[in-house]
Amino acid sequence: MRKLKDFPFAKVLVLGLAKSGTAVAKLLNRNGIEVVANDLKAKEDDENVQTLRSEGVSVVVGDHPLSLIEDIDAIIKNPGIPYENLLIDSAVKQELPVLTEIELIPYFGIDQIVGITGSNGKTTTTTLIYEMFKKADAPVSLAGNIGHVASEVAEQMDDKQTMIAELSSFQLLGIDTFKPKIAVLLNLFEAHLDYHHTLEHYQNAKANIFKNQTEHDYLVYNADDQRVVNLIKHAGANLVPFSRKGEITNGTYCDEEAIYFRGEKVIDLASVVLVGEHNLENILAAVSVAKLEGISNQVIETVLTSFTGVTHRLQFVKEVNGRKFYNDSKATNILATTKALSAFNQSIILLAGGLDRGNDFDELMPYMSNVKALVLFGETSTKLRKVGEASGIENIELVDSMNEAVQKAYQLSNKDDVVLLSPACASWDQYKTFEERGNMFMESVHKL
């Protein structure tokens, strides 16, 4: 087990006792750092609270008293806690460091890191890269926003391993020294503006993935995304672009026949089983990383001819009487849903709706040509109905539950249609997570 080296803070406030917060509090405590943990919603008898206290960690629940920041050196916060939080706001004003747990990684001496970020496609790209490393028998660990607390993973790594880390804007906003050996920036879209408030702030958070990189590092980026291209202009790393629209001599690209890296053919497109133009971009990014790491074309081909997608990301669920059901519950913003809609030529019954973050959904309209029916739910259902009506869709149903949505979609569908759950919204109005929403969809499909 690795130990923190030269960690500059003697006393740390860990704010938020979700999965990452609990893991970080334990980790810091193991390394001799004085820890105070605080969570507004936790209860005195919660298992995490009791466990931390039994290990000697001071825990305060039910309130955010300002006295907590009177004698600390830094805050490590749950990524989702906004900076408007009274404790965070006060700490920033006092110029106390406010970090997220990925900032611990450099203090474990981990420098072989591939970090992946972007508005969409992070999990698919992260998983593809991880599978390519595994298939090549390269020592590798999976970490980050994909469900594995990165600092906890780092603590267990050896010197030969590479960390493949999915990184959100929330995580990247709280770093100081963290940097990946290879950074991947997939795309930029107006997302999480309820948290970041402006597109500029959101993009600047994403840019943190390469802010500490040098000429010894690599930045793999989407040359087809103008926002990305503008953002990386002052990056200090070696630039490795990818494009599905045109030939690129110093990066990865495709034509109608094949995928190439720096002019070398890697794989025939016809052999790739993952559907959708957006997934092609994810594949190009993953191929870029694999080739930079010396992974063979044979290994890349083995992965790309067998990988059909990850759970809740345009995942094929089942065919029922000629209707194909797809679970894209991870589509928590408009861009993700437009890409899902673009992946099919068949008629689509679209299931959508969820948390209202103040977005309009007019950007969906150009992608509605194959949508023959809408089944809508959640806080945004009336907004989406207006977009559907403006798109000329006659069959629009509003429902209260996922089971009702699946049954209604089946009734509205015919043989050879696609029934697609791609909500374009976060799940938190009705479900704890997008995974819970997707699982409910799949359970309902299997009941048909």
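Could you please find all residues in segment 207-230 being more than 17 Å from N120 (Cβ to Cβ) and assigned to a loop (DSSP other than H, G, I, E, B)?
N208, F210, K211, N212, Q213, T214, E215, H216, D217
Looking at segment 320-338, I want the residues that are without any contact (Cβ under 8 Å) to a residue 12 or more places away in the chain and have a partner that is open to solvent by 10 Å² or more (accessible area, probe 1.4 Å) and of a type in the set (F, W, Y) with Cβ atoms under 8 Å, at least 6 apart or on another chain. Which pairs are those?
Pairs that qualify, where the first residue is without any contact (Cβ under 8 Å) to a residue 12 or more places away in the chain and the partner is open to solvent by 10 Å² or more (accessible area, probe 1.4 Å) and of a type in the set (F, W, Y): there are none.
Given the conditions (1) part of a helix (DSSP H, G or I); (2) modelled with pLDDT under 95; (3) surrounded by 21 or more Cβ atoms within 10 Å (Cβ to Cβ), and given that A154 satisfies all but one, which numbered condition is not satisfied?
Just one mismatch for A154, condition (2).
What pairs come up if the first residue lies in segment 399-410 and is under 15 Å from L350 (Cβ atoms), the second is part of a loop (DSSP other than H, G, I, E, B), and their beta carbons are under 6 Å apart, counting only those six or more places apart or on different chains?
Pairs found: V399/F377; A405/F377; A405/V399; K408/V399; Y410/L448.
Only one residue in L68, L86, L52, L40 is farther than 22 Å from L219 by Cβ and touching a residue at least 40 places away in the same chain (Cβ under 8 Å). Which one?
None of the others qualify; the one that does is L68.
Quick one: in segment 260-299, of everything that is part of a loop (DSSP other than H, G, I, E, B) and under 23 Å from the mean Cα position of the chain (by Cα), which residue is surrounded by the fewest Cβ atoms within 10 Å (Cβ to Cβ)?
V273
Is it true that some residue in segment 117-132 is farther than 26 Å from V275 by Cα, in a helix (DSSP H, G or I) and among the hydrophobic types (A, V, I, L, M, F, W, C)?
Within segment 117-132, not a single residue is farther than 26 Å from V275 by Cα, in a helix (DSSP H, G or I) and among the hydrophobic types (A, V, I, L, M, F, W, C).
I'm trying to understand the selection: among the residues of segment 344-380, which are among the aliphatic types (A, V, I, L, M), closer than 22 Å to G276 by Cβ, open to solvent by less than 60 Å² (accessible area, probe 1.4 Å) and within 28 Å of the chain's Cα centre (by Cα)?
I348, I349, L350, L351, A352, L364, M368, V371, L374, V375, listed by residue number.
Within segment 65-79, count every residue that is out of contact with any Phe, Trp or Tyr (no Cβ under 6 Å at 6 or more places or on another chain) and either of a type in the set (F, W, Y) or open to solvent by less than 40 Å² (accessible area, probe 1.4 Å) (or both).
Result for segment 65-79: 8.
Can you pull out every residue in segment 133-149 that is modelled with pLDDT of 95 or more, open to solvent by 10 Å² or more (accessible area, probe 1.4 Å) and assigned to a strand (DSSP E or B)?
Residues satisfying the conditions are V140, S141, L142.
When the residues of segment 419-448 are filtered to those that are assigned to a helix (DSSP H, G or I) and over 25 Å from the mean Cα position of the chain (by Cα), which remaining residue is surrounded by the most Cβ atoms within 10 Å (Cβ to Cβ)?
Only one residue tops the list, namely V445.
Give me a count of the residues in segment 1-17 that are open to solvent by 10 Å² or more (accessible area, probe 1.4 Å) and under 13 Å from L52 (Cβ atoms).
Selection size over segment 1-17: 1.
Restricting attention to segment 202-232, which residues are open to solvent by 40 Å² or more (accessible area, probe 1.4 Å), under 21 Å from T177 (Cα atoms) and modelled with pLDDT of 95 or more?
K211, N212, T214, E215, H216, Y218 - these are the residues of segment 202-232 that are open to solvent by 40 Å² or more (accessible area, probe 1.4 Å), under 21 Å from T177 (Cα atoms) and modelled with pLDDT of 95 or more.
Out of (1) open to solvent by 50 Å² or more (accessible area, probe 1.4 Å); (2) over 26 Å from the mean Cα position of the chain (by Cα), the odd one out for K383 is which?
(2)
Would you please list the contacts, defined by Cβ atoms under 9 Å and residues six or more apart or on different chains, that run from a residue in segment 411-427 that is over 23 Å from A336 (Cβ atoms) to a residue that is part of a loop (DSSP other than H, G, I, E, B) and open to solvent by 40 Å² or more (accessible area, probe 1.4 Å)?
Short answer, once both residue conditions are applied: N414/S347; K415/N321; D416/Q346; D416/S347.
Looking at D416, D400, which one is surrounded by fewer than 20 Cβ atoms within 10 Å (Cβ to Cβ), of a type in the set (D, E, K, R) and under 22 Å from K383 (Cβ atoms)?
After applying the criteria, what remains is D400.
In segment 305-328, which residue that is within 15 Å of T126 (Cβ to Cβ) and not charged (D, E, K, R) is surrounded by the fewest Cβ atoms within 10 Å (Cβ to Cβ)?
Across segment 305-328, the extreme among qualifying residues is T311.
For the condition open to solvent by 20 Å² or more (accessible area, probe 1.4 Å), farther than 19 Å from S288 by Cα, of a type in the set (D, E, K, R) and modelled with pLDDT under 95, what is the one hit in D176, D194?
D194
Across segment 89-139, which residue is nearest to I334 (Cα to Cα) among those that are of a type in the set (K, R) and touching a residue at least 40 places away in the same chain (Cβ under 8 Å)?
The qualifying residue nearest to I334 (Cα to Cα) is K122.
The values are calculated or read from the model by the stated rules, or taken from the named source; none is laboratory data. Since this is a predicted model, take the numbers as computed values, not measurements. FYI the Cβ positions are ideal-geometry reconstructions off the backbone, even for glycines, and counts take in every protein chain you see. Areas reflect the complete protein model, heavy atoms only, side chains present, ligands, DNA and RNA absent. Shrake-Rupley method; radii C 1.70, N 1.55, O 1.52, S 1.80 Å.
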